[in-house]
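Only one structure is covered here, and it is reproduced in the block below.
The values are calculated or read from the model by the stated rules, or taken from the named source; none is laboratory data. Since this is a predicted model, take the numbers as computed values, not measurements. Cβ placement follows ideal geometry from the backbone for every residue including glycine, while neighbour counts extend to all protein chains displayed.
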Amino acid sequence: MRILQLISLLLEYPTEALLTAKADARQLVAESPLSEAQQQGLLDFIEQRFSGDLMDWQSDYDGLFERGRSLSLLLFEHLHGESRDRGQAMVDLMNQYKSAGLQIDVRELPDHLPLYLEFLSTQGDENAALGLAEVAHILSVLLCRLEQRNCNYQVLFSALLELSGVDVELDSVREQLKNEQRDDTKEALDKVWEEEMVTFGPGSEQDGCGSSHKPSEKQRRDHHVPLQWTDASQAPGNTVRSGVAS
């Protein structure tokens with residue numbers, strides 16, 4: 001599912017190289033199985049972001065995804081926080097990637113959403129939809145938090161939810177999040193940095209998600225790997241804490 005490759009790139013830190021691919025990005029949207037409304041949302045996102053100042057886009061990206069935990073693109077952040085369960089979940093997910101033939105050629109946390117989407121894009125449409133369904137509850141929380149900030153990144157998550165085929169009760173998620181305190185304020189960030197940060201491997205916190213992670217040529221495309229997420233059939237965001245939904 002090539003549209004997942006595009007959304008993966010759009011969720012990475014924006015670069016000059018990405019801006020040169022505007023025409024290709026628009027073409028991938030037009031060829032995608034998304035509804036007309038979702039396609040238009042993605043096209044509007046591409047037009048606005050690609051036509052603006054790159055440094056402004058980079059600053060906005062940092063403010064959204066690198067400041068605080070509520071919009072973290074690390075999926076297990078929203079399931080386990082900094083508990084010890086997160087470390088084991090990382091190991092299990094990496095083993096599941098390997099069982100499907102995935103080779104990660106950069107130091108990368110396996111639960112980083114762009115990497116996960118890159119992986120799903122190689123697994124065939126049906127398996128990709130299943131993989132998205134398994135994290136639909138997380139995607140819905142991120143979507144609603146971006147809505148609260150009136151941020152157009154929300155269209156990327158809306159598209160992912162449509163591709164998952166899961167009918168999410170977004171009004172319920174919005175209700176749960178309406179009184180949530182933002183964790184990207186100076187006071188909230190100071191409190192976070194007082195705590196000891198958990199890492200997974202040397203230099204992991206310093207490694208951004210570059211566009212160099214690609215599946216190997218031998219990666220199996222017909223093998224669905226059931227990942228250890230919470231039950232996506234449950235109401236999304238059943239428990240919401242400041243910066244963490246599970």
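Observations, loosely collected:
- All told, Ser32 falls short of being at pLDDT below 90, on the phi < 0 side of the Ramachandran plot and among the hydroxyl-bearing types (Ser, Thr, Tyr).
- The set of residues in the stretch 30-58 being surrounded by 12 or more Cβ atoms within 10 Å (Cβ to Cβ) and of a type in the set (S, T, N, Q) consists of Ser32, Gln38, Gln39, Gln40, Gln58.
- Among the residues of the stretch 158-171, those identified as outside any loop (DSSP other than H, G, I, E, B) and over 14 Å from Asp44 (Cα atoms) are Leu160, Leu161, Glu162, Leu163, Ser164, Leu170, Asp171.
- The lone exception for Phe119 - which of (1) closer than 14 Å to Ile7 by Cβ; (2) assigned to a loop (DSSP other than H, G, I, E, B) it fails: (2)
- When Val135, Val141 are checked against the criterion of being crowded, with 22+ Cβ neighbours inside 10 Å, touching a strand residue (DSSP E or B) at 6+ places or on another chain (Cβ under 6 Å), touching a residue at least 60 places away in the same chain (Cβ under 8 Å) and within 20 Å of Ile7 (Cα to Cα), Val141 stands alone in meeting it.
- Residue ranges of helices (runs of 4 or more DSSP H) in the stretch 1-82 with at least 3 members in contact with a helix residue (DSSP H, G or I) (Cβ under 6 Å, 6 or more places away or on another chain): 2-10, 22-30, 36-51
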